[in-house]
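Asker: Would you mind keeping the following structure in view while I ask a few things?
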């Protein structure tokens, strides 16, 4: 079964365990690390919580603390685990270099940063603001991905390379979005004004900046290093500084 063919997080988790067992048999030295990372857990939520603790905690006590925070969130909100499952499948679907699930779970910091955001967003929604902001700060410092916990992000989202990504307060990002490295998405006027709204299936290329009360339509593409401060219709490509529209569906082109 291909990664995109899994129907649930439990089914996906069974496949990950089989991958881990195969790796342990083939490479016992590397495989030894998989006991704590994969085989000691009874589901995807436990493994993701472990990764959050390992990546965000700089000391042993912090690792345990952050992992426990994530486990508590996943227990209270099981949809977060399903979101992690869809994100993991989204990586396999969108990254041609990825043919399995174990490697992105263990090695892709963008995946871990996104799941840490989902935990911080849950904390934010439950009035645990200071702890939510602490997770954002640790993710920014250690993973180079800063996503404000008030943002809203869909599933099957892929943070590719995941370095230098900033997503500001109240930004909305739809399903199946891919965001490359060194991208900034936020409000144009600091504390005032609405944040950008990114539609489904959008590609945001490296170095792009998206600012202000604007909408990026479904399946639009934002070119590398583009600066976007106006709406981008569905299916269009925005390139340049300031961004201009190109490759739009015919009916979307200006008169």
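The values are calculated or read from the model by the stated rules, or taken from the named source; none is laboratory data. Nothing here was measured: the structure is a model prediction, and the numbers come from that model. For neighbour counting, all protein chains shown are included, and Cβ atoms are generated from backbone atoms with ideal geometry for every residue, glycine included.
Asker: Is it the case that residue 79 is surrounded by fewer than 20 Cβ atoms within 10 Å (Cβ to Cβ) and touching a strand residue (DSSP E or B) at 6+ places or on another chain (Cβ under 7 Å)?
Answerer: It is false that residue 79 is surrounded by fewer than 20 Cβ atoms within 10 Å (Cβ to Cβ) and touching a strand residue (DSSP E or B) at 6+ places or on another chain (Cβ under 7 Å).
Asker: Does residue 84 satisfy being touching a residue at least 40 places away in the same chain (Cβ under 8 Å), in contact with a helix residue (DSSP H, G or I) (Cβ under 9 Å, 6 or more places away or on another chain), in a helix (DSSP H, G or I) and within 24 Å of residue 202 (Cβ to Cβ)?
Answerer: In short, yes.
Asker: Right, residue 16: modelled with pLDDT of 90 or more, in contact with a helix residue (DSSP H, G or I) (Cβ under 6 Å, 6 or more places away or on another chain) and crowded, with 19+ Cβ neighbours inside 10 Å or not?
Answerer: So residue 16 passes the test.
Asker: Let me ask something else about it. Identify, by number, the condition in (1) at pLDDT 95 or above; (2) touching a strand residue (DSSP E or B) at 6+ places or on another chain (Cβ under 8 Å); (3) surrounded by fewer than 18 Cβ atoms within 10 Å (Cβ to Cβ); (4) farther than 30 Å from residue 85 by Cα that residue 230 doesn't meet.
Answerer: Residue 230 satisfies every listed condition except (2).
Asker: Same structure again: Filter region 177-223 down to the residues that are closer than 17 Å to residue 236 by Cα and without any contact (Cβ under 8 Å) to a residue 24 or more places away in the chain and list them by number.
Answerer: Answer for region 177-223, where residues must be closer than 17 Å to residue 236 by Cα and without any contact (Cβ under 8 Å) to a residue 24 or more places away in the chain: 214, 215, 216, 217, 219, 220, 222, 223.
Asker: A further question follows. Let me confirm something: among 103, 132, which residue is assigned by TED's automatic domain parsing to the domain that holds residue 24, more than 12 Å from the chain's Cα centre (by Cα) and modelled with pLDDT under 95?
Answerer: 103
Asker: Quick check, is residue 210 crowded, with 20+ Cβ neighbours inside 10 Å, in the same structural domain as residue 176 (by TED's automatic domain parsing) and closer than 14 Å to residue 175 by Cα?
Answerer: no
Asker: Could you please let me know if residue 156 is closer than 23 Å to residue 86 by Cβ, in the same structural domain as residue 51 (by TED's automatic domain parsing) and either in contact with a strand residue (DSSP E or B) (Cβ under 8 Å, 6 or more places away or on another chain) or outside any strand (DSSP E or B) (or both)?
Answerer: no
Asker: Determine, yes or no, whether residue 224 is surrounded by fewer than 21 Cβ atoms within 10 Å (Cβ to Cβ), at pLDDT below 95 and not in a strand (DSSP E or B).
Answerer: no
Asker: Tell me, please, whether a residue that is part of a loop (DSSP other than H, G, I, E, B) and within 16 Å of residue 224 (Cβ to Cβ) can be found in region 185-201.
Answerer: no
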